[in-house]
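One structure is given here, and the rest of the page talks about it.
Every read-out reported here was derived from the displayed coordinates using simple, explicitly stated rules and does not represent laboratory data. Predicted, not measured: the structure shown is a model, and the values here were computed from it. Note that we place each Cβ from the backbone using ideal geometry, even for glycine, and neighbour counts take in every protein chain shown.
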Amino acid sequence: MTVRGRKKTDYARDLALLGTRQRWIALAIFLVVLALLPFIPDWSGDIALRGWLRWTNETIIIIIAVLGLNVITGMAGQVNLGHTAFIMVGGFTMAVLTTAAGWPMLAALPIAALLTGIIALFVALPAIRLKGFYVAIATLAFLYISQFIITQFDITGATDGLYQIPSPSFWGFKIKGYLRWYFFLMPFLILCIMISANISRSRIGRAFIAIRDNHIAAQSLGINVSWIKIKAFFIGGLFAGLAGGLLSSRNSVITTSEFTFENSIWYLGMIIIGGAGRTAGAVVGVISLSLIRQILSVLGSSGVIPGSSTTSIYITYTIYGLAIILFVSFKPLGLISIWHKIKLNYRRWPFGV
């Protein structure tokens, strides 16, 4: 196999995430851009420490959550309509451990992710015998069941939720403000993207895709379909629990009303628009839809869009719905497929496209 004149001489190098010099350079440029992004002036001349940096922090957490959904639905093909429930479990676990038990944030965060992954295992049990629409209904039922259970206990704040969740602190240095949170969240984002990309290239990732494409053929090849489905839910739950823990700590408040069926639909839409099953597709899908929402919010608050603030929300949802319909109908492989086509044509040039 050759990449611009260089041969990949073994299978391990072919699977390597950063197997070429160009990819290492691209990664270095990407990290430099991320480091400088908060200090880039916007059109008003002020550094983007307010609305846009807040949007960036929210988008980072959503990307981490959607990467988990991409493992369950995009890679393994199990339609999950209750992904927000996993995020909620992680968020409340973090909140309870840091408020009631007094745990430091970094000690509570892995517990929140692990507990969410374990609960996702039990949610996956119906998926062993179900498929398609029935898996979606089972995960949707878990969303409402988990909301009801959480509101029954005083330790979770009952129906009011939990407030004054402490921010992470290191030797007296508190993570407060958009800029500090940005640099605190960025390593988690990079780590999750690397893990997700490596999962898709691993043996278990290929098993996910085989089950998604044809579970009968996968089973005939010796793949334990039931066990692989359970692994998909567990891994997706880890991502969602991590995102939920970060979300509750950043907002310092959490209630069950934040985690709705509507959000689960938009998360599915994000991986459809970006490109289901691909890590880059999940990232691009989240950024695309979140950017649309942010732009319309800014236009609505500045008076460019007439009407109340709810007008821009309705317009946002309309655009979301139209985008999902158009991509499902005309571009089912998502935005990332356009980039792959450009790369393929570049490699073929000048011998034709």
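Taking 0.36 nm per intervening residue step and subtracting the Cα-Cα distance, what contour gain separates Arg54 from Arg180 on full extension?
Working: separation 126, 0.36 × 126 = 45.36 nm, distance 1.10 nm.
So the chain would gain 44.3 nm between Arg54 and Arg180.
Taking the simple approach of a point 7 Å from Cα along Cα-to-Cβ for both Ala35 and Ile145, what is their distance in nm?
4.8 nm
Would you mind estimating how fast region 149-215 diffuses translationally, via Stokes-Einstein at 25 °C and 0.890 mPa s with the Kirkwood radius over Cα pairs, in µm²/s? Please report the intermediate quantities before stating the final value.
Numbers: Rh = 16.0 Å.
The diffusion coefficient I find is 153 µm²/s.
Which one, Ala136, Ile175, Asn198, projects farthest toward the positive side of the charge dipole computed for the chain from Cβ point charges (K/R +1, D/E -1)?
Asn198
Would you list Ile62, Ile193 from fewest to most Cβ contacts within 10 Å?
Details: Ile62 22, Ile193 19.
Listing Ile62, Ile193 from fewest to most nearby Cβ atoms yields Ile193, Ile62.
Would you pull out the residues with amide H under 5 Å of Val253's amide H, same chain only if 5 or more places away, H placed 1.01 Å from N?
Answer set, sorted by chain and number: Ile165.
Using only the alpha-carbon atoms, what does region 48-258 span along each of its principal axes? Please give whole angstrom values in decreasing order.
Answer, in whole Å and largest first: 57, 37, 28 Å.
Would you mind pulling out the separation of the Cα centroids of region 103-181 and region 71-95, in Å?
What the calculation gives is 9 Å, centre to centre.
Quickly work out the Ser329-to-Ile25 label distance, labels modelled 7 Å from Cα along the C-beta direction, and quote it in nm with one decimal.
About 4.2 nm separates the two model spin labels.
In whole Hz, with x marking every Gly and Pro, tabulate ³J(HN,Hα) for region 238-245 from phi via Karplus 6.51 cos²θ - 1.76 cosθ + 1.60, θ = phi - 60°.
For region 238-245, the Karplus-derived couplings read 4, 4, 5, x, 4, 5, x, x Hz, x marking Gly and Pro.
Evaluate E = 1/(1 + (r/R0)^6) for Ile155 and Leu121, where r is the Cβ-Cβ distance and R0 equals 25 Å; express this FRET efficiency to the nearest 0.05.
Numbers: r = 23 Å, r/R0 = 0.92.
Given R0 = 25 Å and the Cβ-Cβ separation, E is 0.60.
Where the eigenvalues come from the Cα gyration tensor of region 91-171, what are the semi-axes √(5λ) of the equivalent ellipsoid, largest first, in whole Å?
Square roots of five times the eigenvalues give 29, 16, 8 Å.
How long are the semi-axes of the ellipsoid equivalent to the chain, from square roots of 5 times the Cα gyration tensor eigenvalues, in whole Å, largest first? Kindly include the intermediate steps, with their values, before the conclusion.
Numbers: eigenvalues 199, 149, 95 Å².
Values for the chain, descending: 32, 27, 22 Å.
Mind listing the phi-derived Karplus ³J(HN,Hα) values for region 97-110, rounded to whole Hz, using 6.51, -1.76 and 1.60 with θ = phi - 60°, and x for any glycine or proline?
My calculation for region 97-110 gives 5, 7, 9, 6, 8, x, 6, x, 4, 5, 7, 7, 4, x Hz in order.
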